[in-house]
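Only one structure is covered here, and it is reproduced in the block below.
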Amino acid sequence: MSITDQLSSCFAPVSVQGGDPATLTRIYEPDYNLAVWQRPLPAGAADYVQRLLQAGSRVSVRELVPAEAVAGELAGQLPDLPGREALAADVQQLAEMFACLFDLPRVGVRLASLQTAMCPRFHVDRLPCRLVSTYSGPGTHWLNQEQRNQLLAQGGREPEQWQQLAVGDVALMKGDGWEGEEGRGLWHRSPPVPTGYRRLFLSMDIAD
(Lines give C-alpha, C1' and ligand atoms only; values in the text may rest on other atoms or scores of the structure.)
Protein backbone atom coordinates (compact mmCIF):
# COMPACT_ATOMS: atom_id res chain seq x y z
CA MET A 1 0.00 0.00 0.00
CA SER A 2 1.42 3.40 -0.99
CA ILE A 3 1.76 6.23 1.53
CA THR A 4 -1.08 8.07 -0.25
CA ASP A 5 -3.34 5.03 0.15
CA GLN A 6 -2.41 4.78 3.82
CA LEU A 7 -3.21 8.45 4.39
CA SER A 8 -6.49 8.13 2.51
CA SER A 9 -7.54 5.13 4.60
CA CYS A 10 -6.94 7.06 7.83
CA PHE A 11 -9.43 9.84 7.17
CA ALA A 12 -11.34 11.21 4.22
CA PRO A 13 -12.13 14.87 4.97
CA VAL A 14 -15.42 15.83 3.41
CA SER A 15 -17.09 19.16 2.86
CA VAL A 16 -20.79 19.96 2.79
CA GLN A 17 -22.02 23.04 0.94
CA GLY A 18 -25.44 24.55 0.35
CA GLY A 19 -27.52 27.68 -0.02
CA ASP A 20 -29.33 27.25 3.29
CA PRO A 21 -27.77 28.67 6.48
CA ALA A 22 -28.76 25.42 8.21
CA THR A 23 -25.90 23.81 6.26
CA LEU A 24 -23.58 25.21 8.93
CA THR A 25 -25.14 22.94 11.59
CA ARG A 26 -23.75 19.91 9.75
CA ILE A 27 -20.26 20.73 11.02
CA TYR A 28 -21.29 18.58 14.00
CA GLU A 29 -21.51 15.49 11.79
CA PRO A 30 -18.35 13.37 12.14
CA ASP A 31 -17.88 13.02 8.37
CA TYR A 32 -17.52 16.74 7.74
CA ASN A 33 -14.64 19.04 8.57
CA LEU A 34 -15.91 21.93 6.42
CA ALA A 35 -19.46 23.30 6.22
CA VAL A 36 -20.16 26.15 3.80
CA TRP A 37 -23.23 28.35 3.53
CA GLN A 38 -23.05 29.61 -0.05
CA ARG A 39 -24.71 33.01 -0.24
CA PRO A 40 -24.49 36.32 -2.08
CA LEU A 41 -23.45 39.29 0.03
CA PRO A 42 -26.38 41.35 1.32
CA ALA A 43 -26.78 44.34 -1.01
CA GLY A 44 -26.22 47.00 1.66
CA ALA A 45 -23.07 45.33 2.96
CA ALA A 46 -21.73 44.84 -0.57
CA ASP A 47 -22.28 48.54 -1.37
CA TYR A 48 -20.42 49.57 1.78
CA VAL A 49 -17.49 47.31 0.96
CA GLN A 50 -17.22 48.88 -2.50
CA ARG A 51 -17.16 52.35 -0.95
CA LEU A 52 -14.42 51.23 1.42
CA LEU A 53 -12.31 50.01 -1.48
CA GLN A 54 -12.89 53.14 -3.53
CA ALA A 55 -11.94 55.34 -0.59
CA GLY A 56 -8.84 53.28 0.16
CA SER A 57 -9.99 52.98 3.78
CA ARG A 58 -8.32 50.47 6.06
CA VAL A 59 -10.17 48.24 8.51
CA SER A 60 -8.63 46.52 11.53
CA VAL A 61 -11.09 45.33 14.15
CA ARG A 62 -10.36 42.64 16.73
CA GLU A 63 -12.85 42.20 19.57
CA LEU A 64 -13.93 39.60 22.12
CA VAL A 65 -17.56 40.45 22.86
CA PRO A 66 -21.05 38.99 23.30
CA ALA A 67 -22.55 38.32 19.88
CA GLU A 68 -25.34 40.85 20.41
CA ALA A 69 -22.76 43.61 20.95
CA VAL A 70 -20.87 43.09 17.68
CA ALA A 71 -22.77 45.63 15.56
CA GLY A 72 -22.26 48.35 18.15
CA GLU A 73 -18.53 47.66 18.34
CA LEU A 74 -18.17 47.72 14.57
CA ALA A 75 -20.23 50.89 14.15
CA GLY A 76 -17.76 52.66 16.42
CA GLN A 77 -14.67 51.46 14.53
CA LEU A 78 -15.57 51.18 10.85
CA PRO A 79 -15.12 54.19 8.52
CA ASP A 80 -18.20 56.40 8.43
CA LEU A 81 -19.52 55.72 4.92
CA PRO A 82 -23.06 54.98 3.70
CA GLY A 83 -23.97 51.35 4.42
CA ARG A 84 -21.81 50.94 7.51
CA GLU A 85 -24.79 49.75 9.55
CA ALA A 86 -25.60 47.11 6.92
CA LEU A 87 -22.15 45.54 7.16
CA ALA A 88 -22.18 45.74 10.96
CA ALA A 89 -25.60 44.05 11.05
CA ASP A 90 -24.42 41.26 8.75
CA VAL A 91 -21.37 40.54 10.89
CA GLN A 92 -23.54 40.54 14.01
CA GLN A 93 -25.95 38.06 12.41
CA LEU A 94 -23.05 35.71 11.68
CA ALA A 95 -21.73 36.17 15.22
CA GLU A 96 -25.14 35.30 16.67
CA MET A 97 -25.32 32.17 14.52
CA PHE A 98 -21.80 31.17 15.57
CA ALA A 99 -22.55 31.80 19.25
CA CYS A 100 -25.79 29.81 19.02
CA LEU A 101 -24.11 26.84 17.33
CA PHE A 102 -21.43 26.57 20.00
CA ASP A 103 -23.27 28.02 23.02
CA LEU A 104 -20.79 30.88 23.43
CA PRO A 105 -21.12 33.77 25.87
CA ARG A 106 -18.59 35.74 23.79
CA VAL A 107 -17.17 35.52 20.28
CA GLY A 108 -13.69 36.42 19.08
CA VAL A 109 -14.29 38.59 16.01
CA ARG A 110 -11.68 39.83 13.56
CA LEU A 111 -12.52 42.00 10.53
CA ALA A 112 -9.55 43.30 8.57
CA SER A 113 -8.53 44.68 5.19
CA LEU A 114 -5.44 42.83 3.99
CA GLN A 115 -2.92 43.48 1.26
CA THR A 116 -0.91 40.31 1.89
CA ALA A 117 -1.71 36.74 2.89
CA MET A 118 -1.86 36.29 6.68
CA CYS A 119 -1.01 32.57 6.56
CA PRO A 120 0.34 31.84 3.07
CA ARG A 121 1.15 28.14 3.61
CA PHE A 122 -1.36 25.34 4.03
CA HIS A 123 -1.87 24.48 7.69
CA VAL A 124 -4.39 23.18 10.23
CA ASP A 125 -5.65 25.33 13.11
CA ARG A 126 -5.14 24.05 16.65
CA LEU A 127 -8.53 25.31 17.81
CA PRO A 128 -11.89 23.51 17.70
CA CYS A 129 -13.56 25.51 14.94
CA ARG A 130 -13.27 28.81 13.09
CA LEU A 131 -15.75 30.76 10.98
CA VAL A 132 -14.35 32.54 7.94
CA SER A 133 -15.90 34.73 5.26
CA THR A 134 -14.54 37.11 2.62
CA TYR A 135 -16.35 40.33 1.78
CA SER A 136 -14.00 41.32 -1.04
CA GLY A 137 -10.96 39.87 -2.77
CA PRO A 138 -9.93 36.22 -3.11
CA GLY A 139 -11.46 33.64 -0.77
CA THR A 140 -9.71 31.14 1.50
CA HIS A 141 -7.97 28.18 -0.16
CA TRP A 142 -8.63 24.67 1.22
CA LEU A 143 -7.72 21.10 0.37
CA ASN A 144 -9.95 18.14 -0.38
CA GLN A 145 -8.96 14.57 0.49
CA GLU A 146 -6.79 13.92 -2.57
CA GLN A 147 -5.01 17.28 -2.31
CA ARG A 148 -4.42 16.83 1.42
CA ASN A 149 -2.91 13.41 0.85
CA GLN A 150 -0.67 14.83 -1.87
CA LEU A 151 0.61 17.53 0.47
CA LEU A 152 1.39 15.04 3.24
CA ALA A 153 2.97 12.52 0.89
CA GLN A 154 5.25 15.25 -0.47
CA GLY A 155 6.49 16.26 2.95
CA GLY A 156 4.44 19.45 3.12
CA ARG A 157 5.29 20.75 -0.36
CA GLU A 158 2.45 22.95 -1.59
CA PRO A 159 0.05 21.08 -3.91
CA GLU A 160 -0.60 22.38 -7.42
CA GLN A 161 -4.39 22.21 -7.04
CA TRP A 162 -6.73 23.40 -4.29
CA GLN A 163 -10.32 24.47 -3.60
CA GLN A 164 -11.41 28.05 -2.94
CA LEU A 165 -14.27 29.75 -1.11
CA ALA A 166 -16.21 32.43 -2.98
CA VAL A 167 -16.92 35.99 -1.86
CA GLY A 168 -19.89 35.88 0.50
CA ASP A 169 -19.47 32.21 1.47
CA VAL A 170 -19.66 31.58 5.20
CA ALA A 171 -17.54 28.58 6.21
CA LEU A 172 -17.00 26.64 9.41
CA MET A 173 -13.66 24.85 9.46
CA LYS A 174 -12.83 22.18 12.02
CA GLY A 175 -9.39 22.37 13.56
CA ASP A 176 -7.35 19.76 15.39
CA GLY A 177 -8.78 21.09 18.65
CA TRP A 178 -12.23 19.65 17.88
CA GLU A 179 -12.83 16.92 20.47
CA GLY A 180 -12.08 13.50 19.00
CA GLU A 181 -10.82 14.99 15.72
CA GLU A 182 -7.10 15.43 16.37
CA GLY A 183 -5.24 15.10 13.08
CA ARG A 184 -8.42 15.59 11.08
CA GLY A 185 -8.69 19.36 10.86
CA LEU A 186 -9.14 21.15 7.55
CA TRP A 187 -5.97 22.13 5.69
CA HIS A 188 -6.30 25.70 4.42
CA ARG A 189 -4.36 28.90 3.76
CA SER A 190 -4.82 32.60 3.10
CA PRO A 191 -4.81 33.37 -0.64
CA PRO A 192 -2.31 35.74 -2.22
CA VAL A 193 -3.72 39.24 -2.74
CA PRO A 194 -3.07 40.80 -6.16
CA THR A 195 -0.94 43.95 -6.13
CA GLY A 196 -3.06 47.05 -5.68
CA TYR A 197 -6.02 45.16 -4.21
CA ARG A 198 -7.29 44.65 -0.68
CA ARG A 199 -9.09 41.70 0.81
CA LEU A 200 -11.76 42.33 3.45
CA PHE A 201 -11.71 39.21 5.60
CA LEU A 202 -13.82 38.11 8.56
CA SER A 203 -12.99 35.38 11.06
CA MET A 204 -14.61 34.25 14.30
CA ASP A 205 -13.16 32.00 16.96
CA ILE A 206 -14.59 30.17 19.92
CA ALA A 207 -13.82 32.08 23.11
CA ASP A 208 -14.12 30.94 26.72
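Once neighbouring chains are kept in place and the probe is 1.4 Å, which whole percent of the accessible area of region 41-171 is contributed by carbon and sulfur? That fraction is 47 percent. Taking each residue as 0.36 nm, the span from GLU158 to THR195 lengthens on full extension beyond its C-alpha to C-alpha distance by 11.1 nm.
With a cut-off of 12 Å between beta carbons, the residues surrounding SER113 carry a summed charge of +4, where Lys and Arg count +1 and Asp and Glu -1.
Placing unit charges on the Cβ atoms only, positive for Lys and Arg and negative for Asp and Glu, gives region 14-206 a dipole magnitude near 680 debye about its Cα centre. The stretch between SER60 and ALA112, if pulled fully straight at 0.36 nm per residue, gains 18.3 nm over its current Cα-Cα span. Return one number: the angle in degrees, 0 to 90 and rounded to the nearest 10, between the long axis of the Cα atoms of helix 84-102 and the longest principal axis of the Cα atoms of the chain. That works out to roughly 40 degrees.
Considering only alpha-carbon pairs that sit under 8 angstrom and 6 or more positions apart, the relative contact order computed for region 62-153 is 30 percent. Relative contact order of the chain, please, whole-number percent, based on alpha carbon pairs below 8 angstrom and at least 6 residues apart. Taking the mean separation of contacting Cα pairs over the length of the chain, I get 28 percent. For region 115-208, the list of trypsin sites (Lys or Arg not before Pro) that fall in a loop by DSSP and count at most 16 other C-beta atoms within 10 angstrom reads ARG121, ARG126, ARG157. Averaging 1/r over each pair of different alpha-carbon atoms in region 21-179 and inverting the result gives 16.9 Å, the Kirkwood hydrodynamic radius. Over the chain, dividing the summed -39,500 (n - 2.57) contributions of all DSSP H runs of at least 4 residues by the number of residues returns a 222 nm mean residue ellipticity of -8000 deg cm²/dmol.
The values are calculated or read from the model by the stated rules, or taken from the named source; none is laboratory data. Please read all numbers here as calculations on a predicted model, not as lab measurements. All Cβ positions, even for glycine, are placed from backbone atoms using ideal geometry, and neighbour counts span all protein chains on display. The protein model used for the area step is the full one, side chains on, heavy atoms only, and it has no ligands, DNA or RNA in it. Shrake-Rupley method; radii C 1.70, N 1.55, O 1.52, S 1.80 Å.
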